[in-house]
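See structure below.
Bear in mind that the values in this text are calculations on the coordinates, not laboratory data. Everything numeric here is computed off the predicted structure, so don't read it as measured data. Note: ideal-geometry Cβ built from the backbone for every residue, glycine included; neighbour counts use all protein chains shown.
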Amino acid sequence: MCELRNEGGTSLTIGLARDHACAQFAATDGTPPYWMAVEVLADSSSRGDMEFCVGGTCTPIDGRYRLSLGSLEQVVASFVELGIQSPAVEWEEF
């Protein structure tokens, strides 16, 4: 897991694995809402739950938030270049 922050007061938290990822968009001060990226796939039945570990503590992530690495690249590019949530994926508030 890692976090990108911008001067606009938002952050993008990224979970990165060998062949998949997840991304959360939120305010840097930790206040809600929190938005998870959702990749729209024709076959979402193969999306198992994930765990990403930080400092020896694993956090379970629902499989519906699984992103391909290509989608993650678009999410990161939109955040770094424009400071926005990428239109390449849907965003679900939780």
Sort out for me the Cα centre separation of the range 44-94 from the range 1-41, rounded to whole Å. 7 Å
Fluctuation leader among D29, D49, D62 - the chain, Gaussian network, Cα springs under 10 angstrom: D29
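What do you get for trypsin sites (Lys or Arg not before Pro) in the range 1-83 restricted to DSSP loop and a cutoff of at most 13 other Cβ within 10 Å of the site's Cβ?
On the way: sites: R5, R18, R47, R64, R66; in loops: R18, R47, R66.
Answer in residue order: R18.
For M36, M50, which order do you get if you count the other beta carbons within 10 Å of each Cβ and list the fewest first?
Numbers: M36 21, M50 18.
Taking fewest neighbouring Cβ atoms as first place, the list is M50, M36.
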Rounded to one decimal in nm, the spacing of the 7 Å Cα→Cβ label points at E90 and L4 is 2.3 nm
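With +1 on the Cβ of every Lys and Arg and -1 on the Cβ of every Asp and Glu, and nothing else charged, how large is the dipole of the chain about its Cα centre, in debye rounded to the nearest 20?
Numbers: 5 positive and 14 negative charges, 30 e Å.
It works out to roughly 140 debye.
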Would you mind telling me which residue in V75, V38, V54 has the biggest mean-square fluctuation in a Gaussian network model of the chain, where springs connect alpha carbons within a distance under 10 angstrom? V54
Computed E for A27/E81 - FRET, C-beta separation, R0 30 angstrom, nearest 0.05: 0.95
Relative to 2.2 N^0.38 Å, what does the C-alpha radius of gyration of the chain come to as a ratio? Two decimals please. 1.02
Inter-site label distance for V40 and V54 at 7 Å from Cα along Cβ, in nm: 3.0 nm
Compute the length gained on full extension between L16 and L69: take 0.36 nm times their separation in residues and subtract their Cα-Cα distance, giving the result in nm to one decimal. 18.2 nm
